[in-house]
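Structure first, then comments.
The values are calculated or read from the model by the stated rules, or taken from the named source; none is laboratory data. Keep in mind that what you see is a predicted model, and the values were worked out from it rather than measured. Because the Cβ atoms are built from the backbone with ideal geometry, glycine has one as well, and the counts that use them run over all protein chains shown.
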Amino acid sequence: MDILDTAKTTATVIFLLMVGLAAVPIVSNAFQLLCATLHAWRNHYDLARPYAPRVAVIVPAWNEGNVIATSIERLMSLDYPPENLRVYVVDDASTDDTPDVVQAKERLYPGRVFHLRRHVGGEGKAHTLNHGIAVVLEDSWMQATLIMDADVIYARDSLRKMTRHLADENVGSVTAYIREGSADKTYLTRFIGIEYVLAQLAARRAQNVLGAMACLAGGAQLHSRENLEDLGRMDTSTLAEDTVTTIETQLRGRRAVFEPHAVVLAEEPQAVDALWKQRLRWARGNFQVTARYRHLWFHPSRHRQLGSVSFGLQWFSVLLLPLAMIIAPIGFVGLFLLDPPLAHTVFRSMWIGAACLYAYTVAFGLQLDPSISRTSWREAIAFPGVISLFIIVTAFFPGLFETEVPELLDVQVGEESRTTATLFIYLWISLSMLLAWLTKDIEHTRVGRRITPALIYLVGYGPLLCAVTVDAFFREIRHAEAHWEKTEKIGRVLG
Amino acid sequence: MNRTQARANRKRHRRGYPPQAARPSAPVDEFAEIELDRRSELRLIPQSLLAILFVVTLVVVGRLLAP
């Protein structure tokens, strides 16, 4: 009997620990949002000064005939001294009309637009960028380099708002706010729009406050010449060259700053499959970066904020969120089998905590970018999924769906049905990832195409991103082939 | 560039013409702009407080409505 009691107590503690570990991302996210608010006082504006260095813009382009002309035109019309701006389009052996379009622009803007042709391409963005970086570093003209994507559209004042931070010599690189800017918005681009508000306007402000930046946006990285000379070239060994660049910049003692008022519009995937491929590349890149800098995490140092506990928690909370979504249900079900009332209390506590954080995130996030909020407020609400919203209601009002609603509808609910419903609710956060994965797989079928949007609203966009991370993890474990897959861009950005 | 100009430029783009540059604007006082952006960051505080108020209201209403 004593042995049984001891075993039961041990198991209970283990299950409680599992739930406790799964709650770490909630605490970490709450801390991150608090830090984002502190950006009101703790920001880089005190050290920013009007500064217009000679900027070389490097645009990697592979079959970007649809978008490159508009991008160049928008760069030419930036509110920035024209004599201090040169655009280098690195044509990665394009097979469409990209060379013709760029050469036409080169003739139209002599001495300001340059066409650099790689005759052997297809090696990925980092190799293409390195070709351009080598060219601009050869010339002493360049004082700063802006690395961007071919499809993005810079707001007229964005470059000026980025360069002012380089007036502080301690700053090595600056990034901007990438806003989803498709003219023909779909449910998916609206989800991405709100995701970018939270991941950039909130999270990167928090990283400014903590003094450690996780990643410069690939479509908007401004580097000082000194920083670029120090870095030498973009990393080609991982799928996340922008994250490696960000970390290397900071390891060399320079700051990476996020400028929330510099806006860059980007075209994002409209189908789950395309989004999956893009995010799989990002997530695999993040796993590779995590392994590469394993000596860095949770090793606090006065010079390296990247090693701080708070930054480490943020980094791993994003990376290991799917793990939390797997171990929490195991903990709930384990506790339910051993001690149902305790399971109920723990489940309610965690979900109420998560619900409060979710409500705060939505309310705060919707105020950060009104232009996105106007189109994406429904997606902000449905971010965790409609079914999860029902579970939140269940956590707030225990017995509502088990007793009150059936009584109202005059339906008898048996004990077995209650147990099944309880187990479903406890397991839901894991199931949601599985269903999100399934959504990606059925999207290409005729029926799938029709029901995919409804399924994403039901299971949630958040679980979809977590499912991608799980896929990335297993591919990394298997050492699956990793190649650079370009996200298709067709020029939908509303300039 | 306002919406009408953007629409006109898209039409020009479809016909193969380069977009018309936006009207030249008055020179920007960049010191004032930095100060403006610095001050606009202060908006994060009321935004955060409003979000907290929203959460507290939800919790209180939830408690009141709880069966």
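Numbers for the structure displayed
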read-out: Residue match in the stretch A:305-323 (condition: touching a strand residue (DSSP E or B) at 6+ places or on another chain (Cβ under 8 Å) and surrounded by fewer than 20 Cβ atoms within 10 Å (Cβ to Cβ)); value: no
read-out: Residues being away from chain B (no Cβ under 14 Å) and surrounded by fewer than 22 Cβ atoms within 10 Å (Cβ to Cβ) - total across the stretch A:201-213; value: 2
read-out: Odd one out for A:Val57, checked against (1) closer than 26 Å to B:Val28 by Cβ; (2) in a loop (DSSP other than H, G, I, E, B); value: (2)
read-out: Boolean, A:Leu146 is closer than 30 Å to A:Pro300 by Cα, of a type in the set (A, V, I, L, M) and surrounded by 22 or more Cβ atoms within 10 Å (Cβ to Cβ); value: no
read-out: Cross-chain or 6+ apart pairs with Cβ under 6 Å, the stretch A:351-364 first and more than 7 Å from chain B (Cβ to nearest Cβ), then in a helix (DSSP H, G or I) and among the small types (Gly, Ala, Ser); value: A:Trp351/A:Ala395; A:Ile352/A:Ala395; A:Leu357/A:Ala30; A:Val362/A:Ala380
read-out: Residues satisfying the stated conditions in the stretch A:407-432, i.e. over 30 Å from A:Ile327 (Cβ atoms) and part of a loop (DSSP other than H, G, I, E, B); value: A:Asp410, A:Val411, A:Gln412, A:Gly414
read-out: Segments classed as strands (runs of 3 or more DSSP E), wholly inside the stretch A:102-188, with at least 2 members that are without any contact (Cβ under 8 Å) to a residue 40 or more places away in the chain and over 27 Å from A:Ala240 (Cβ atoms); value: A:113-118
read-out: The stretch A:368-393, residues that are touching a residue at least 40 places away in the same chain (Cβ under 8 Å), in a helix (DSSP H, G or I) and either of a type in the set (A, V, I, L, M) or closer than 24 Å to B:Leu64 by Cβ (or both); value: A:Leu368, A:Ile372, A:Ala380, A:Val386, A:Ile387, A:Ser388, A:Ile391, A:Ile392
read-out: Considering residues of the stretch A:73-101 that are closer than 17 Å to A:Asp149 by Cβ, touching a strand residue (DSSP E or B) at 6+ places or on another chain (Cβ under 6 Å) and assigned to a helix (DSSP H, G or I) only, the residue nearest to the other protein chains (Cβ to nearest Cβ); value: A:Arg74
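Here's the yes/no breakdown for (1) modelled with pLDDT of 95 or more; (2) within 30 Å of A:Thr361 (Cβ to Cβ); (3) of a type in the set (S, T, N, Q):
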| position | (1), (2), (3) |
| --- | --- |
| A:Leu38 | yes, yes, no |
| A:Trp41 | yes, yes, no |
| A:Ile68 | no, no, no |
| A:Leu85 | yes, no, no |
| A:Val89 | yes, no, no |
| A:Ser94 | no, no, yes |
| A:Val102 | yes, no, no |
